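Let me begin by presenting the structure, written as structure tokens, before commenting on it.
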Amino acid sequence: MAGNFSASSLLRRDLLDLVPYKVHDCPGVIKMDANENSHGFPQEVLAEILERARQLALNRYPDSSARQLRAKIAAHTGLSPENVMVGNGSDEIIFNVMLAFAAGAKAAVTVPTFSMYAIHGRIAGAEVIEVPRRERDFGVDVETALKACEDPKVKVVIICSPNNPTGNATPPEDVQKIADGTRALVLVDEAYVEFAPASCRHLLDHLPNVALLRTFSKAFGMAGLRVGYLLASRELIEELEKVRQPFNLNSFSQEAAAAVLDNAKTFWARVEQIVRDRELLLAEMSRLPGVEVFPSQANFLLFRTPLPAGAVYSGLLRRGVLVRNVESPYLPRFLRVTVGTEEENRIFLEKLGEVLRD
Ligand SMILES: *Cc1c(COP(=O)(O)O)cnc(C)c1O
């Protein structure tokens, strides 16, 4: 019998044609593809984390309710710990939201946007429906979003703001209109909010169906330690707790994120630098003939050139610079570049110029 074993015959039918998410590993290149913090992690904060880590009882399971970290996040955001849930990266929280609310039903995503919503939704068994953003400025159209939410099977609508990969933010007034007009959960992914002038934080004070997703992976330079968090009403978090794995966030990452918040000032200086460099890079890119760059409130820029995106991507890679090819039917010939250090930005500009001239 075992000779006839076929793993694929056991797999859920709806996952048969799913292609596992692949991350391109290109050692030795300038990494401007994943919107990480290009400035590295501050040495003095790392030293503090390592010192604090000495006190951790690594033989014990982590604090399942992440008390210290949730208290610090609550203080950082002006909420109570009951309004905070932490995750193994915000990715895990996206998955848990899908599992708890959208499995067997539908989730609406405003495309083009972060690809993980559709991936997690599908794995969790939710049908993911696409609500197209406006073609002209990639803004979320309130009417279109509300129309999609009229389907009672839509349990969650996700708005990434500032949006990855387009860089634009959705005005909090528009998020409010959408939340006012639906009974679905409106999940605002604020992964890049630290680089933006506005947040939807104030909406939490009076809209029970709004939740905000944040991360330590971008402005706080901690992508390798996988910490994200959700801000929401106590009721919503109580329901989500039902699907959260009890020890989802390890002790080291809890301590590291707490230390980062204790040293937030160090990170704000870097964020300001990145925002200044973003505007410089935007201006410089716009000067290259044929390059169209879009304004951004995040730490990356969306751009397109007259060439196919694949040609620009591989031309840059051959010259040692890794960017993200985000080409899709919604984004023909588009690429995304993370704002790097001054040096990295200079090299990227030089190499992009070369690729376009060749
Ligand atoms: C990078 C990113 C995240 C962060 O994911 P983590 O799992 O917290 O590292 C979340 N949402 C968007 C839109 C992102 O671009």
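The values are calculated or read from the model by the stated rules, or taken from the named source; none is laboratory data. Remember, it's a predicted structure, so these values are computed and weren't measured experimentally. Methodologically, a virtual Cβ is constructed for each residue, glycine included, from the backbone with ideal geometry; neighbour enumeration extends over all protein chains shown.
Restricting to helices (runs of 4 or more DSSP H) lying wholly in the stretch 211-298: which have 1 or more residues that are within 16 Å of the ligand (Cβ to nearest atom) and in contact with an Asp or Glu (Cβ under 6 Å, 6 or more places away or on another chain)?
Counting at least 1 such residues, we get 264-287.
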Some residue of the stretch 75-93 being among the polar types (S, T, N, Q) and free of Cβ contacts under 8 Å to residues at least 24 places away in the same chain: no
Output for Cβ contacts, cut-off 7 Å, separation at least six or different chains, first residue outside any helix (DSSP H, G or I) in the stretch 1-27, second among the charged types (D, E, K, R) and at pLDDT 85 or above, reads Leu18/Arg122
Sole miss for Arg346 among (1) surrounded by fewer than 20 Cβ atoms within 10 Å (Cβ to Cβ); (2) closer than 20 Å to Gln273 by Cβ; (3) touching a residue at least 40 places away in the same chain (Cβ under 8 Å) is condition (3)
Of the residues in the stretch 113-135, those that are over 21 Å from Lys177 (Cα atoms) and in contact with a strand residue (DSSP E or B) (Cβ under 8 Å, 6 or more places away or on another chain) number 8
Of (1) within 18 Å of the chain's Cα centre (by Cα); (2) within 26 Å of Lys242 (Cβ to Cβ), Pro112 fails just (2)
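For residues in the stretch 7-37 being within 16 Å of the ligand (Cβ to nearest atom) and modelled with pLDDT under 95, which is farthest from Ile274 (Cα to Cα)?
First, pick out the residues of the stretch 7-37 that are within 16 Å of the ligand (Cβ to nearest atom): 21, 23-24, 31-37.
Next cut, modelled with pLDDT under 95 only: 21, 23-24.
Values: Tyr21: 29, Val23: 25, His24: 24 Å.
Checking each candidate, the answer is Tyr21.
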If we keep only residues of the stretch 312-341 that are farther than 23 Å from Pro27 by Cβ and either touching a residue at least 24 places away in the same chain (Cβ under 8 Å) or of a type in the set (A, V, I, L, M, F, W, C) (or both), then the residue surrounded by the most Cβ atoms within 10 Å (Cβ to Cβ) is Phe334
Within the stretch 299-311, of all residues that are assigned to a helix (DSSP H, G or I) and surrounded by fewer than 17 Cβ atoms within 10 Å (Cβ to Cβ), the one nearest to the chain's Cα centre (by Cα) is Gly310
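Of these, Ala102, Ala118, which one is at pLDDT 95 or above, surrounded by fewer than 21 Cβ atoms within 10 Å (Cβ to Cβ) and within 25 Å of Val243 (Cβ to Cβ)? Even if it seems obvious, please write down each step before you answer.
Working: Ala102 fails: surrounded by fewer than 21 Cβ atoms within 10 Å (Cβ to Cβ).
The unique qualifying residue is Ala118.
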Can you find a residue that is more than 22 Å from Leu56 (Cβ to Cβ), part of a helix (DSSP H, G or I) and more than 16 Å from the ligand (Cβ to nearest atom) anywhere in the stretch 182-202?
yes
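Just to be sure before I move on: is Phe138 buried (at least 19 other Cβ atoms within 10 Å of the Cβ), touching a strand residue (DSSP E or B) at 6+ places or on another chain (Cβ under 7 Å), outside any helix (DSSP H, G or I) and aromatic (Phe, Trp, Tyr) in the structure I sent?
Values: buried (at least 19 other Cβ atoms within 10 Å of the Cβ): yes; touching a strand residue (DSSP E or B) at 6+ places or on another chain (Cβ under 7 Å): no; outside any helix (DSSP H, G or I): yes; aromatic (Phe, Trp, Tyr): yes.
The answer is no for Phe138.
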